[in-house]
Each structure stands twice: as C-alpha cells, then as structure tokens.
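Asker: Would you mind keeping the following structure in view while I ask a few things?
Every read-out reported here was derived from the displayed coordinates using simple, explicitly stated rules and does not represent laboratory data. Because the structure is a prediction, the values reported are computed rather than measured. Note that each Cβ is placed from the backbone with ideal geometry, even for glycine, and that neighbours are counted across all protein chains shown.
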Amino acid sequence: MTHNSPEATAYIGLGANIGDRERNLLQAVRALDESEGVRVIRCSSIYETDPVGYEAQPLFLNMCAAVSTTLGPRELLETCLRIERSMGRTREIRWGPRTIDLDLLLYGDVELSSPELELPHPRIAERLFVLIPLLEVLPRDDRHFACWARAVDTMEGKDGVRLWKRINWPDESGHSAN
C-alpha cells in the first residue's frame, strides 16, 4: 500500500441493521481510526432509519465519520471494504440487511467516476439517512453544504430518520490519544 497522497479529508457513511447495530458502528469507526493512514476526526450522531430500497428488513442505525487520511481514494475504499469483510459483511441482496456498511461519500474535492468508485457518492443528495448525519460533520463552508442543507429542508420522509444517540468522539469509542 502506498501513502504518497497529501493529507485529505474524507467522509464515510456507516450503516448497520444486523446484530448489535450500535456496537457494530462504533467498532467500524474504531477500525477506521486504527487503520494505517486514517484518523477519525469527527463523528455524527447515530440515527435510527427506515430501510430504503429493499424494505423487508430491520431498521438501520446510520452515522457519518469525517476522517483525515494520507491514503488515496481507492486505497481508502479498500480499507473500508476490508473492515466490512473483517466484520462479517456479506453482499447477498442489493440494499439488503448488513452487519456493517461503509460508503466513501466524499474525498476532498475529488470527482471520480469508475466502475469501483464514484465520488462524490452518486446517491448522497437523495438519501436523508446519509445527508442528515453528513451535514453534522461537514464544515458549513464546504461547497456542497448549502445545497444539501436545502435538499434536507425540502425532502419528504424526515420522519424515517430519528436521532438515536449523540456521539462524543473520541470518548465514545474507547479511543485513546496515548
């Protein structure tokens, strides 16, 4: 793995609806923070959300994490996929139940379209379960913030995204600065 990218801020959406959902989210955030070239800098609150797409499944817990990274976008994606695999993620039903899901939403100002990775994530603006926690960790001066905040204000379905728990990173994680 190469780490010759300059430091960038990236945003990762996390979701879980199988097993101990909250524990799975926090375990994934810790795994991100412990990954080489990645440091979690902010976490959103955790939200309980109704399933979207495939609806015959348990409710999700969703959150977003802002990370500082020296990994390139594809390397950061591979780190996310490795964490998913290590936590038992299987991909059987599109948008189906999962122990953990990590989606690379934004990576600096990078715009990228390839079969394995699209940045910004192509469905951010249509998913309240992504937008609401993302806006908690995204700086207000980010070029996307105002547009996405307006989208949240006008979208239907906000009742499907309910605050579950506020997170105080790093205290909540068991993460230590030592």
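Asker: For the structure I just gave you, tell me whether Thr79 is part of a loop (DSSP other than H, G, I, E, B) and either of a type outside the set (Asp, Glu) or under 15 Å from the mean Cα position of the chain (by Cα) (or both).
Answerer: Taking the combined requirement at face value, the residue does not satisfy it.
Asker: Being touching a residue at least 12 places away in the same chain (Cβ under 8 Å) and among the charged types (D, E, K, R): is that true of Arg127 here?
Answerer: So Arg127 fits the description; yes.
Asker: Continuing with the same structure: Checking the structure you have, find out if any residue of the range 90-107 is touching a strand residue (DSSP E or B) at 6+ places or on another chain (Cβ under 8 Å), closer than 24 Å to Gln57 by Cα and either surrounded by fewer than 12 Cβ atoms within 10 Å (Cβ to Cβ) or among the polar types (S, T, N, Q) (or both). Lay out the reasoning, then the answer.
Answerer: Our first condition is that a residue be touching a strand residue (DSSP E or B) at 6+ places or on another chain (Cβ under 8 Å); within the range 90-107, this holds for 98-107.
Keeping just the survivors that are closer than 24 Å to Gln57 by Cα gives 98-105.
Next, from what is left, pick out any that are either surrounded by fewer than 12 Cβ atoms within 10 Å (Cβ to Cβ) or among the polar types (S, T, N, Q) (or both): 99.
Within the range 90-107, one or more residues are touching a strand residue (DSSP E or B) at 6+ places or on another chain (Cβ under 8 Å), closer than 24 Å to Gln57 by Cα and either surrounded by fewer than 12 Cβ atoms within 10 Å (Cβ to Cβ) or among the polar types (S, T, N, Q) (or both).
Asker: Moving on. Which one is surrounded by the most Cβ atoms within 10 Å (Cβ to Cβ), of the residues in the range 124-154 that are in contact with a strand residue (DSSP E or B) (Cβ under 9 Å, 6 or more places away or on another chain) and charged (D, E, K, R)?
Answerer: Arg127
Condition check ((1) buried (at least 18 other Cβ atoms within 10 Å of the Cβ); (2) touching a residue at least 12 places away in the same chain (Cβ under 8 Å); (3) not small (Gly, Ala, Ser)) across all residues:
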{"site": "Asp20", "(1), (2), (3)": "no, no, yes"}
{"site": "Arg23", "(1), (2), (3)": "no, no, yes"}
{"site": "Leu32", "(1), (2), (3)": "yes, yes, yes"}
{"site": "Val40", "(1), (2), (3)": "yes, yes, yes"}
{"site": "Asp50", "(1), (2), (3)": "no, yes, yes"}
{"site": "Glu55", "(1), (2), (3)": "no, no, yes"}
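Asker: Confirm whether Trp169 is farther than 15 Å from Tyr11 by Cβ, surrounded by 10 or more Cβ atoms within 10 Å (Cβ to Cβ) and aromatic (Phe, Trp, Tyr).
Answerer: Working: farther than 15 Å from Tyr11 by Cβ: no; surrounded by 10 or more Cβ atoms within 10 Å (Cβ to Cβ): yes; aromatic (Phe, Trp, Tyr): yes.
No; evaluated as a whole, the condition is false for this residue.
Asker: Let me ask another. List the number of the failed condition for Arg82; all other conditions in (1) crowded, with 18+ Cβ neighbours inside 10 Å; (2) touching a helix residue (DSSP H, G or I) at 6+ places or on another chain (Cβ under 9 Å); (3) not aromatic (Phe, Trp, Tyr) hold.
Answerer: (1)
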